[in-house]
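Engineer: Handing you this structure, nothing more for now.
The values are calculated or read from the model by the stated rules, or taken from the named source; none is laboratory data. Keep in mind it's a predicted model, so treat the numbers as computed, not measured. Counting neighbours? That spans all protein chains shown, and the Cβs are built from the backbone with ideal geometry, glycine included. The area values use the complete protein model at the heavy-atom level, side chains included, leaving out ligands, DNA and RNA. Shrake-Rupley method; radii C 1.70, N 1.55, O 1.52, S 1.80 Å.
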Amino acid sequence: MKDILADLTPGEALVGKDEDSRQIEDELLNISMSLKDLEELTLNAEQIQDDVLKEILTLNANTEYLHRFLHGSSDKELFKKNVPVVSYDDVKPYIERIANGGEPSDVISGKPITGFFLSSGTSGGKQKIFPVNYKFFEEINFIFALRSQIISKHIKDVEEGKAMAFLFVRPPLTSPFGMPVSYATTGFFMSDYFKNRPTNCYTSPDEVTLCLDNKHAMYCHLLCGLVQRNEVVSLASAFASSLVGAITFLENYWKEICSNIRSGHVSEWISDLSCRDSVSNILGGPNSELAELIEEECNKKSWKGIITRLWPKTKFIQTIVTGQDAQYIPILEFYSDKLPLISPSYGSSETMFGVNVNPLCKPEDVSYTFMSYFEFLLADEGNKGEIVDLVNVKFGSYYEPLVTNYFGLHIYRMGDILQVTGFHNSAPQFRFVRKKGVVLSLNIEITTEEDILKALNHAKLLLKSSLLILKGFTCYADISILPAHYVFYWELKATNINDTLRLDNKVLVDCCCVMEESFCVPYRELRKKSGPIGALEIRVVAHGTFDSLMNFFISSQGASVSQYKTPICIHSSEALAVLEKSVIARFFSDKSPPLGSELQY
Ligand code: AMP
């Protein structure tokens with residue numbers, strides 16, 4: 001089968017055509033019901049589970065996929081007995097037949113598939129895609145409405161101000177059979193569900209959010225947010241990395257933004273006309289007083305509390321700081337002078353999982369309440385393989401959620417590991433523990449152990465021709481300076497025993513470059529000039545450093561000598577200190593890696 005992403009071309013929005021407009025209107029009417037729904041959904045979790053599964057099976061029993069196991073029945077016991085647990089590679093051929101081969105949706109879905117969501121997760125080095133239709137947009141809409149209502153319940157008067165939200169889209173693609181493929185956020189923001197939202201609480205006009213050039217959009221989001229600084233009650237982004245990226249961007253562009261405010265004229269390089277016009281409207285005219293005020297704050301030596309200084313009425317920051325993005329909590333606390341950081345919800349390209357019903361809890365205590373149909377694979381140490389229903393999960397246990405949705409996935413292993421932390425009424429709440437297999441991630445990119453080993457193999461070829469051997473390595477994600485970047489610690493040795501170690505700058509810089517070139521498309525995309533990921537760095541450490549690292553783990557953490565393996569990634573600051581004190585040279589990649597031809601977006 002041809003690779004699904006090989007021939008994607010720029011495309012259109014996933015949903016938003018006439019056939020969906022009635023559903024959208026119904027959904028908008030339902031939004032005001034959200035908080036009541038939350039109580040109902042969680043009080044009757046078991047009944048809701050049964051009802052949702054029944055609905056899914058009735059809708060999908062005759063798809064080619066489910067028919068293989070259920071022979072047309074929509075019996076839920078038969079479903080649980082006969083339908084296997086699957087991973088992406090099992091469902092990929094079915095997805096590809098629709099996206100790539102133009103076969104009808106009923107290969108996997110009872111209702112028409114209207115497009116595909118592009119996940120940051122990969123399979124065989126390629127990004128995964130998942131089928132979707134209007135039902136998914138309804139789910140997203142419902143969760144977004146619910147989380148706004150939950151926040152309004154906990155924080156006074158949020159409706160009276162605006163959110164400066166760093167929302168972005170990527171140009172959508174078209175599958176070889178002409179179906180839209182996009183990131184979930186792009187799909188949603190380009191849909192009528194977003195366009196027709198009942199209230200508009202953002203400082204940026206939609207033309208900015210929908211601007212296809214993210215640099216232009218970022219500039220305009222900041223400009224609009226600064227002009228309306230006294231109305232801003234919250235800052236928001238999907239994940240914390242984007243918000244930190246926005247502040248870094250501001251560090252580089254505040255002078256230009258202030259000069260735009262002073263002159264009342266948007267910089268010429270903002271070339272998207274609709275974006276430009278809408279921002280000019282907000283800018284109104286020259287405002288030198290405001291420009292001076294912002295300049296004064298930005299000119300101060302420290303940017304501690306810059307968020308509350310520039311946007312003095314901000315009450316909270318809405319952005320996900322659980323999972324990988326927990327690494328950004330200290331920097332956001334620094335910039336915001338410890339405003340509440342609210343992780344509102346947990347979702348993926350496969351489904352929406354749940355919401356945080358206790359938004360003001362500490363970031364490390366965040367749990368998500370699940371409401372839709374899910375099963376769970378027990379992932380406790382030494383006790384794997386047991387599957388339980390949502391209402392039967394046990395407090396403290398670890399699970400991998402199994403997704404069954406309305407649009408083509410059935411008992412699908414999605415790869416996140418969660419821990420049960422409690423219950424809201426009878427619905428369980430989960431703490432996000434980790435994504436399986438991820439070693440490094442700074443933004444939406446996922447770099448697995450396999451990716452790192454592959455990258456090192458490329459670099460080792462260069463080392464070999466320079467008569468060098470890699471004796472030991474480990475890595476970590478350095479976010480202490482922005483843009484954040486990947487750091488690899490290498491202990492090198494000359495191939496000829498008697499030779500002394502000579503470090504050729506060109507060879508080591510090339511090693512940085514070839515490693516970056518072999519990382520996934522999202523990494524390379526994010527590494528582009530002024531992107532949120534900085535140049536990969538190799539820090540060469542002195543001879544014997546990896547022995548010291550082993551001794552450190554053995555003495556301080558009781559690691560077994562016979563079973564000791566150098567961790568592929570270092571998380572402890574003490575272990576990092578062992579490496580840092582032995583660094584003898586540093587090398588950085590000197591160019592952005594090419595995007596390659598397999599995927600343009
Ligand atoms: P994608 O498939 O690209 O939409 O990415 C979805 C993944 O992002 C999930 O499987 C999680 O690993 C991660 N994710 C999404 N929401 C959260 C959250 N609230 N906390 C931690 N990780 C999250």
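Engineer: No partner Cβ under 4.7 angstrom, meaning no disulfide-compatible partner by this rule: which Cys of the chain qualify?
Structural biologist: Flagged as lacking a Cys partner: Cys201, Cys220, Cys224, Cys258, Cys298, Cys361, Cys475, Cys511, Cys512, Cys513, Cys520, Cys569.
Engineer: Further question on the same structure: Using only the Cα atoms of segment 439-588, build the gyration tensor, take square roots of its eigenvalues as a ≥ b ≥ c, and label the shape rounded, prolate or oblate: rounded if a/c is under 1.5, else prolate if a/b is larger than b/c, else oblate.
Structural biologist: The shape class here is oblate.
Engineer: Here's something else I'd like to know. Residues in segment 557-583, backbone N under 20 Å from the label point at Glu251 (7 Å along the Cα-to-beta-carbon vector): list them, ranges by number please.
Structural biologist: none
Engineer: Stokes-Einstein at 37 °C, 0.692 mPa s, Kirkwood radius from Cα pairs: D for segment 375-524 in µm² s⁻¹?
Structural biologist: My calculation gives 175 µm²/s for D.
Engineer: Could you derive backbone 3J(HN,Hα) for segment 317-327 from the dihedral phi with the Karplus parameters 6.51, -1.76 and 1.60 (θ = phi - 60°), listing whole Hz in sequence and x where the residue is Gly or Pro?
Structural biologist: So the J values, rounded to whole Hz, are 10, 9, 6, 6, 10, 9, x, 3, 7, 4, 4.
Engineer: While we're on this one: Ignoring ligands, DNA and RNA, what percent of the accessible area of segment 439-588 is carbon or sulfur (1.4 Å)?
Structural biologist: Percent of accessible area from carbon and sulfur atoms in segment 439-588: 55.
Engineer: Calculate the dipole size of the chain relative to its Cα centre from +1 charges on Lys and Arg beta carbons and -1 charges on Asp and Glu beta carbons; express the result in debye to the nearest 20.
Structural biologist: With only Lys, Arg, Asp and Glu charged at Cβ, the dipole is about 1540 debye.
Engineer: For Phe166, list long-range residues whose amide hydrogen, built 1.01 Å from N in the peptide plane, is under 5 Å from its own amide hydrogen.
Structural biologist: Counting only residues 5 or more places away or on other chains, the set is Ala236, Ser237.
Engineer: Suppose every Lys and Arg Cβ carries +1 and every Asp and Glu Cβ carries -1, with no other charges. What dipole size does segment 361-435 come out with about its Cα centre, to the nearest 20 debye?
Structural biologist: 140
Engineer: Right, here's the next one. 5 Å is the cut-off here: which amide hydrogens, built 1.01 Å from N in the peptide plane, fall below it relative to Asp416, excluding neighbours closer than 5 in sequence?
Structural biologist: Lys436
Engineer: Sequence gap at least 6, Cα distance under 8 Å: using those rules, report the relative contact order of segment 361-435 to the nearest whole percent.
Structural biologist: For segment 361-435, the relative contact order is 31 percent.
Engineer: Less than 18 Å apart at the alpha-carbon level, and either on another chain or at least 8 residues along: which lysines does that give for Lys460?
Structural biologist: Here the lysines satisfying the reach criterion relative to Lys460 are Lys471, Lys493, Lys506.
Engineer: Can you tell me the dipole magnitude for segment 293-358 around its Cα centre, using point charges on the Cβ only (Lys, Arg +1; Asp, Glu -1), in Debye to the nearest 20?
Structural biologist: Dipole magnitude for segment 293-358 comes out near 260 debye.
Engineer: Let me ask something else about it. Kindly report the accessible area of segment 286-422 per residue (heavy atoms of protein chains, probe 1.4 Å, no ligands, DNA or RNA), in Å².
Structural biologist: Accessible area per residue: 37 Å².
Engineer: Follow-up question, since we're still on this one. Using +1 at the Cβ of each Lys and Arg and -1 at the Cβ of each Asp and Glu in the chain, identify which of Thr474, Ser582, Ser204 lies farthest towards the dipole's positive end.
Structural biologist: The Cα lying farthest towards the positive end belongs to Ser582.
Engineer: Using modelled amide H (1.01 Å from N, peptide plane; none on Pro or chain starts), what sits under 5 Å from the amide H of Val357, excluding residues fewer than 5 places away?
Structural biologist: Amide H to amide H, under 5 Å and 5 or more residues apart or across chains, Val357 pairs with Thr369.
Engineer: Between Lys301 and Glu159, what's the calculated FRET efficiency when r is the beta-carbon distance and R0 is 30 Å? Round to 0.05.
Structural biologist: Efficiency, rounded to the nearest 0.05: 0.25.
Engineer: Can you give the calculated 222 nm mean residue ellipticity of the chain, where each DSSP H run of n ≥ 4 adds -39,500 (n - 2.57) and the sum is split over every residue, rounded to the nearest 500 deg cm²/dmol?
Structural biologist: -11500 deg cm²/dmol
Engineer: OK, next. Farthest toward the dipole's positive end in the chain, which of Ser105, Pro483, Ala246, given Cβ charges of +1 (Lys, Arg) and -1 (Asp, Glu) about the Cα centre?
Structural biologist: Selected residue: Pro483.
Engineer: Can you tell me how much longer the chain between Leu378 and Ile584 gets when fully stretched, taken as 0.36 nm per residue apart minus their C-alpha distance, in nm with one decimal?
Structural biologist: 69.6 nm
Engineer: Taking Cα pairs under 8 Å and at least six residues apart, what relative contact order does the chain come out at, in percent?
Structural biologist: Once normalised by length, the contact order is 13 percent.
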